[in-house]
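Please treat every number below as a calculation from the coordinates, not as lab data. Please read these numbers as outputs of a predicted model, since none were measured by experiment. No Cβ is skipped: glycine too gets one built from the backbone with ideal geometry, and neighbour counts run over all protein chains shown.
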Amino acid sequence: MARLKSHDWRVQQQDFFKNHLVKEVEFVQDQRVFDFFSKQDIILGIGHVDYFKKKLNIINNKKKCNHCLVVINEKTLDLDLIKILESIKNFKKICISINKFKLYTESHRSNIIEDYDEAILDLIKKIFVKKKIKHFFVKNLKGFNFNFASPTTQFFIK
Amino acid sequence: MKIIESYNDLNELSIDAKKIIYSRIHDKNFTNKLEKILPFGKSVWIDSAGIPDKNRYVFENRKWKEIFESKEIKYYKDFFSPTLMQSIKKYINPDFIVLNNSEEFRYLTPHELTTKIEIISNYYQTKIFLSINTVFLDFNKLKYPNSLIVENIVINFLKYTIHKIDNFKYIYEIN
C-alpha cells in the first residue's frame, strides 16, 4: 500500500467511522481546535492543517491573519520547530498541535528538562512569554489515541 | 456528533479498516532491508507481516485473524506467554526470530524496549532481528538524538549489530 500523506490518512479514518453507524465522529483533540477558533476568525495555517479547513477559515497569507493554527505531524527537527514558533509569537490567538513522537534533535541537549511533556511546555513558555497558555497532553501515551493521525500535545495560547 | 478519545471508544473496526491499520504498522521499507540481511535457515516471524513458507513460520496476534487468508499462519493471544514461547522453541526450534515493526515493541520507553528484548533473547537463545522506528519510541526527543538512544538500548548485550536504514529506522541483530 502506498504511503498516505497525513491529510489522506485522516480522511481515510473518517471512513472507518462511517462503518459505525455514527454520522460524524471527531477525536477530542481535533474538536478542541474547532472549539478554540470561531468561524469568523481568519487563521494562518502552518503544517498539516488541511483537515481543519472543513470548519475553519484557514489561509496561508500571513499578512491577512491575526490568528494561527500550527499542526506538526511530520518528522520535525527541534530547531525548525523553534523557527516556526518564533515567526508566529505575536499573533493574537494561537493553537499549536504537536505529535510529540515526530520531533527530533540532532544533538544531546543537557539543558533540556528530563520530562518530555514538561520540556515541550517549557519550550513554548520561553517563546510565548507573558501569554496565557492552556496545555493538553496525554501522559504515558501508548499509541491508543492514534496520535500519529491526530496530535495530542496541544497548546492554546492567547 | 460523537467525540472520541481513541479507537477504543468505537465498537469493532471493520475488516477493511483493520487491513489498513495493520499495513500501516508493518512498514514495507523494513521488509526489503530485512530480506537482504537475513541468514538462511528456519525462522519464526511474530507479529511481523511474514509470508509463511516451508522455512518460515508465521505467528500473528489473534485480533488480526480475520484480515489474513493464509491457513499457514498461527495465532496467539499473548506475545510473551510462556506457552507460546515454549511451543516455538520445542516444536520449531528456529535458527532466528524476526520481529518486524511488531506492536509489542512500539510506544515503549528505551528501558522498556531493552527489557522486552532481554526477555525474548534470554528465552529463545537464538538470533533475533528486531526492526524499530524511533518515531514510535517514547523518549525526550528535544533532549536526546535518535542515534544515542538507539545505541543505548542494546549496549549491554554481549553480541549485537545495528543495521541503519535511515536516521529513524533501524534493525537490531542480537545474539
Local net charge near B:L99, Cβ-Cβ under 13 Å (Lys/Arg +1, Asp/Glu -1): -2
Once you have a ≥ b ≥ c as the square roots of the Cα gyration tensor eigenvalues for chain B, tell me rounded if a/c is under 1.5, and otherwise prolate or oblate according to whether a/b is larger than b/c. oblate
Once you average over the residues of A:93-106, how many Cβ atoms of partner chains fall within 10 Å of each Cβ? 3
Counting only DSSP beta bridges fully inside the stretch B:7-174, the antiparallel percentage to nearest 5 is 45
Given unit charges at Cβ for Lys, Arg (+) and Asp, Glu (-), the dipole magnitude of the protein assembly as shown about its Cα centre in debye, nearest 20, is 1020
Please report the spacing between the Cα centers of the stretch A:102-132 and the stretch B:1-71 in Å, no decimals. 35
Placing each pseudo-label 7 Å from Cα in the direction of the beta carbon, B:K90 and A:N66 end up separated by a distance in nanometres of 7.4
How far, in nm, would the chain grow between B:H163 and B:M1 when pulled straight, counting 0.36 nm per residue and subtracting the alpha carbon separation? 53.7 nm
Report the per residue volume, in Å³, of the convex hull enclosing the C-alpha atoms of the protein assembly as shown. 137
Going toward the positive end of the dipole of the protein assembly as shown, with +1 on Lys and Arg Cβ and -1 on Asp and Glu Cβ, which of B:T134, A:L77, B:I97 do you reach last? A:L77
Percent relative contact order for chain B, counting Cα pairs under 8 Å at least six residues apart, stands at 19
Work out how much length B:K65 to B:E118 would gain on full extension: take 0.36 nm times their residue separation and subtract the Cα-Cα distance, in nm to one decimal. 16.3 nm
Give the order of B:M1, B:M85 when sorted by the count of other beta carbons within 10 angstrom, beginning with the fewest. B:M1, B:M85
B:K74 versus A:K131: modelled label distance in nm, points set 7 Å from Cα along the beta carbon direction: 5.6
Tell me whether chain A comes out rounded, prolate or oblate; compute the Cα gyration tensor, take square roots of the eigenvalues as a ≥ b ≥ c, and use a/c under 1.5 as the rounded threshold. oblate
Take A:K39 and A:N140, extend 7 Å from each Cα along the Cα→Cβ direction, and tell me the distance between the two endpoints in nm. 4.2
Please give the charge dipole size of the stretch B:62-155, origin at the Cα centre, charges +1 on K and R Cβ atoms and -1 on D and E Cβ atoms. Round to the nearest 20 debye. 200
For the stretch B:59-126, evaluate the Debye formula with one uniform point scatterer on each Cα (no solvent term) and list log10 I(q)/I(0) at q = 0.19, 0.20 Å⁻¹, rounded to two decimals. -0.87, -0.96
